[in-house]
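Undergrad: The structure's right below; bear with me while I get my questions together.
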Amino acid sequence: MILFLLLVLLLLSYLFLQQQVEGFELGPYYNDAVFDSFYSYHFDEIFNTIPLYEEMILKVMPLLTQGSSMLWIGSRNGHGVQLLNDMGNTIGLDGSSAMVKMSRYKYPSATFMQGTYAQHTLFSPHRFTAVFCPFMELHRVADLDVFMRNVSDWLVHYGYLVLTRIDLSQFPTGLLADTPGTFQYKSEFKGNEWIETFTNASSKTRTNKQTLYPYTANDIAAFAKRYDLKQINQYAGSLVPLQVLVFQKK
């Protein structure tokens, strides 16, 4: 019986991993379609996000209290949610079902939901003491007005919005992990389009294309002000050329 269960677990593990490598040469993939099983499986091989998340959290740790209720928008493979879990109850929100699946696989005790910032009814008003929007997630937001309105509604009075703004003219190469041996990876910006190319040992390619929005710090502050979010701090990242912006709901 035990041997049978072990074989079943091995088979399930194989099937799960097999799903992650499908779709290599299909595409090109655009925007939300980029975040499929292939991309979720290789995400951590490309982007070394944990040091960035740690730095972001440490900068705002004095603002958080034990037992805080927090939301992490764009949770991807779940590392940020796991890092925050010691401080309270954290929900990871991601629009990709594949990313949510991978997060739950890596951190089964954490909470992850599929959804986006635009879905106002996902959460009740005044649900969170802090909302995080890390890495390049803000630059994927097509409607900054909707983003700020919904986040403001979800925050408690005097709650915090913590987000990262990146100068898109300087790609954050410091976040790129060593190129995996299974493929060659290249990224470039053309206007507001971020293009990623994967080439495997058979010279087959997969191309991802994402539209990014080059919001300035002033743009962000202006939209935030409409919904009673006042900027209270700004930090320069030490790892890559980015800004950590902190807003408080007044």
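The values are calculated or read from the model by the stated rules, or taken from the named source; none is laboratory data. Every value quoted in this text rests on a predicted model; they were computed, and no experiment measured them. Every residue, glycine among them, receives a Cβ derived from its backbone with ideal geometry; neighbour counts consider all protein chains shown.
Undergrad: Go through segment 38-56 and report how many residues are aliphatic (A, V, I, L, M) and surrounded by fewer than 18 Cβ atoms within 10 Å (Cβ to Cβ). Step through it out loud before you land on a result.
TA: Residues of segment 38-56 that are aliphatic (A, V, I, L, M), as a first pass: 46, 50, 52, 56.
With the extra rule that they be surrounded by fewer than 18 Cβ atoms within 10 Å (Cβ to Cβ), the set shrinks to 50.
Matching residues across segment 38-56 total 1.
Undergrad: Against the definition (closer than 15 Å to F135 by Cα and among the acidic types (D, E)), how does E54 come out, yes or no?
TA: Numbers: closer than 15 Å to F135 by Cα: yes; among the acidic types (D, E): yes.
So E54 fits the description; yes.
Undergrad: Could you check how many residues of segment 31-86 are more than 30 Å from R206 (Cα to Cα) and not β-branched (V, I, T)? Can you show your working first?
TA: Our first condition is that a residue be more than 30 Å from R206 (Cα to Cα); within segment 31-86, this holds for 54-71, 82-86.
Then drop every residue that is not not β-branched (V, I, T), which leaves 54-56, 58-59, 61-64, 66-71, 82-86.
Residues in segment 31-86 being more than 30 Å from R206 (Cα to Cα) and not β-branched (V, I, T): 20 in total.
Undergrad: Within segment 17-41, how many residues turn out to be out of contact with any helix residue (DSSP H, G or I) (no Cβ under 7 Å at 6 or more places or on another chain) and at pLDDT below 90?
TA: Residues flagged as out of contact with any helix residue (DSSP H, G or I) (no Cβ under 7 Å at 6 or more places or on another chain) and at pLDDT below 90 within segment 17-41 amount to 5.
Undergrad: May I pose another question? Given (1) at pLDDT 85 or above; (2) among the aromatic types (F, W, Y); (3) within 17 Å of F38 (Cα to Cα), where does F183 come up short, assuming only one miss?
TA: Unmet condition: (1).
Undergrad: In segment 211-250, how many are over 16 Å from V146 (Cβ atoms), β-branched (V, I, T), buried (at least 16 other Cβ atoms within 10 Å of the Cβ) and modelled with pLDDT of 95 or more?
TA: The qualifying residues number 2.
Undergrad: Can you list residue pairs whose Cβ atoms sit under 9 Å apart, with the first residue in segment 21-41 being more than 17 Å from Y185 (Cβ to Cβ) and the second being of a type in the set (S, T, N, Q) and modelled with pLDDT under 90? Count only pairs 6 or more apart in sequence or on different chains.
TA: S37/Q19; S37/Q20
Undergrad: Among the residues of segment 102-112, are any part of a strand (DSSP E or B) and over 25 Å from P214 (Cβ atoms)? Write out each step before concluding.
TA: Step one: list which residues in segment 102-112 are part of a strand (DSSP E or B), which gives 111-112.
Now restrict to residues that are over 25 Å from P214 (Cβ atoms): 111-112.
Checked against the condition, which is being part of a strand (DSSP E or B) and over 25 Å from P214 (Cβ atoms), segment 102-112 yields at least one hit.
Undergrad: Could you grab me the full set of residues in segment 58-86 that are in a helix (DSSP H, G or I) and either surrounded by fewer than 20 Cβ atoms within 10 Å (Cβ to Cβ) or modelled with pLDDT under 90 (or both)?
TA: L58, K59, V60, M61, P62, L63, L83, N85, D86
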